[in-house]
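Okay, structure first, notes after.
Laboratory data are not the source of any read-out in this text; all were calculated from the coordinates shown. Given the structure is predicted, the values throughout are model-derived calculations rather than measurements. FYI the Cβ positions are ideal-geometry reconstructions off the backbone, even for glycines, and counts take in every protein chain you see.
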């Protein structure tokens, strides 16, 4: 739901569907930045016989804008190649996969990483950072992929030189949200009784529990990402801020080749998916425009600014939860714009909005980017507040995004008015926002996150993951003979 | 990032052959070779041609990772007739 199946067309193309982007300064080495992008939403661990993988005909990218233009200044590009070792077997693996190079893995995948850097004349300097890098197998089960992380993780993290590291492969989905309730008319189970269609209070259920994704993770020196070539130190300077996003490309033309029984691409690459901040396309862009948003570039986001200035969910919350959001209701009816939401997502926050502590402001140009201030030091591991800036932790979302940040709760509260004071200092958020009730009621419930690269947890194991529980009391009863 | 390459080759003579080179950026208005004379490496590439609106005479021709656009009303007419329904 961060951006899982968020647009009609991309929902039919999971291998090209961006799901999450993270960008944060490393807590163990603050001279480094971690950039993580995920694909393949709702990846079921027991998805044999053809387990999920990156697509060979998709270009995956992680991009940086460091000059405030919304254009690509630096791009890391990933191309994958899959082969079948034993074409006479239907099996993903013909025996236990005891190492990342074990020949019993019948469908190994490798990749190439290329870095593009924009030159002064607008063209790009290109350099291949790594070729034939190994992707680990999917976590099939106890017999096929025993002791998963111990067996594969170290060999799946590759050096790209100059202090850079890269990983690409299956991991547990780090996002968490009560999908079933949130998309059931914006239900928040902790405040169920106050909904216009009331239900009993209960804790939320993480819709991503037991699910995986495919992750590309990079660890890059800060000096390589900043426009100055140095590690910034001024937390209040826009020059300390980079914009991060991920995008996916396919060939413009595709034909099904009846000889190879595969699709073949023709023509230039076109962008079919992109993602920066979590939930922007998901929650703010109308359904009829979502696919267009996926195709457009951040530099052209002025077109979408109106959806941040007038948020549909923010306008509907008072009606969905009568008497819970009276101040928000009054704000909406006053005709004032959600310049706080506009700032968070499209321009960044000026220092004065957050008490002068730091900025994520990159200028007036509207660009939907995940902004990270490279001069803000990371919060000590174990002391983070997963509500990020809203929780008083300036190293968290929306100053970049860490894997532990509860972006669903942050954004629900933001849309409910908690961030209106960023740009309207006289606004008083509704009292309910001073409680802990306005949230979806979930926490992260997948395998433990790692404290080191690549940070996402061990992928859920196909053998050990139980299928979902059927819902009770829905539909017609089954008549059994 | 490869940008879409568009080149109006304007009207192409005769049967509507067009020039597709390994390097997409050729000068505007380059003449097309006669239909019978294929480029020397034409056999190496599969070509995908797309006519979005036959009335314009425009054909988007895609090969490898780039595309060119030509205008050839005669060729478009031939293509349209080839796929016209047979009642």
- Message: If you average the alpha carbon positions of segment A:251-309 and of segment A:335-350, how far apart do those two centres end up, in angstrom?
- Response: 24 Å
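Across peptide B:43-54, what mean number of C-beta atoms from other chains lies inside 10 Å of a residue's C-beta? Don't skip to the end; give the middle numbers.
Values: counts 0, 0, 1, 4, 1, 9, 2, 4, 0, 0, 0, 0.
The mean count of partner-chain Cβ atoms within 10 Å per residue comes to 2.
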- For segment A:367-427, what's the relative contact order in percent, using C-alpha pairs closer than 8 Å and at least 6 residues apart? 26 percent
- Task: Provide, in order from the shortest bin, the percent of all Cα-Cα pairs of segment A:1-118 in each 10 Å bin, continuing until the bin that contains the maximum pair distance.
- Result: 11, 31, 34, 19, 5, 0
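What relative contact order, as a whole-number percentage, does chain A give when Cα pairs under 8 Å and 6 or more residues apart are counted? Please report the intermediate quantities before stating the final value.
Values: 1102 pairs, mean separation 97.2, N = 481.
Once divided by the residue count of chain A, the mean separation gives 20 percent.
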- So, in Å, what gap is there between the alpha-carbon centers of segment A:156-212 and segment A:1-75? 15 Å
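I'd like the mean, over residues of B:56-63, of how many other protein chain beta carbons sit within 10 Å of each residue's own Cβ. Please list the in-between numbers first.
Working: counts 0, 0, 0, 0, 3, 3, 8, 3.
If you average over the peptide's residues, the count of other-chain Cβ atoms is 2.
Residues of A:262-270, mean number of Cβ from any other protein chain within 10 Å of their own Cβ, rounded to a whole number? Kindly include the intermediate steps, with their values, before the conclusion.
Numbers: counts 0, 0, 2, 4, 13, 14, 12, 6, 1.
Shielding by partners across A:262-270 averages 6.
Just from its helices, what would the mean residue ellipticity at 222 nm be for chain A, if runs of 4 or more DSSP H residues each count -39500 (n - 2.57) and the sum is divided by every residue, rounded to the nearest 500 deg cm²/dmol?
Working: 10 runs with 61 residues, N = 481.
When only DSSP H runs of four or more count, the value is -3000 deg cm²/dmol.
To the nearest 0.05, what FRET efficiency results for residue B:37 and residue A:292 with a Förster distance of 30 Å applied to their C-beta separation?
0.10
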- Return the distance in nm (one decimal) between the two label points of a simple spin-label model at residue A:330 and residue A:44, each offset 7 Å from Cα along Cα→Cβ. 5.1 nm
- Which log10 I(q)/I(0) values, to two decimals, does segment A:385-467 give at q = 0.11, 0.13, 0.20 Å⁻¹ under the Debye formula with one point per Cα? -0.40, -0.53, -0.96
- Per 5 Å bin, what percent of the C-alpha pairs of segment A:5-61 does each bin hold, from zero upward? 4, 16, 20, 20, 16, 11, 9, 5, 0
- Message: Would you report the distance distribution of C-alpha pairs in the protein assembly as shown as whole percents per 10 angstrom bin, up to the bin with the largest distance?
- Response: 3, 16, 25, 24, 17, 11, 4, 0
- What FRET efficiency do you get for residue A:126 and residue A:259 if R0 is 35 Å and r is their Cβ-Cβ distance, rounded to the nearest 0.05? 0.60
- Item | Estimated inter-spin distance, residue A:471 and residue A:69, nm [label 7 Å along Cα→Cβ] | 4.9 nm
- Message: If you average 1/r across every pair of different Cα atoms in segment A:219-277 and take the reciprocal, what Kirkwood value do you get, in Å?
- Response: 15.0 Å
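Test of understanding: express the Cα radius of gyration of segment A:284-415 as a ratio to 2.2 N^0.38 Å, with N the residue count.
Numbers: Rg = 15.6 Å, N = 132, 2.2 N^0.38 = 14.1 Å.
It is 1.11.
Over all pairs of distinct alpha carbons, what does the Kirkwood formula give as the hydrodynamic radius of segment A:37-83, in Å?
One over the average 1/r among Cα pairs gives 13.1 Å for segment A:37-83.
Considering Cα pairs under 8 angstrom that are at least six residues apart, work out the relative contact order of segment A:369-481 and quote it in whole percent. If you can, show how the numbers build up before the last one.
Numbers: 99 pairs, mean separation 16.5, N = 113.
Averaging sequence separation for qualifying contacts and normalising by length gives 15 percent for segment A:369-481.
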- Query: How big is the Cα convex hull of segment A:240-350 in projection, averaged over all directions, in nm²?
  - Reply: 10.4 nm²
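For segment A:180-325, what D do you get in µm² per second when you plug the Kirkwood radius from alpha-carbon pairs into Stokes-Einstein at 37 °C and 0.692 mPa s? Provide the component values of the computation, followed by the final result.
On the way: Rh = 19.9 Å.
Rounded, D is 165 µm²/s.
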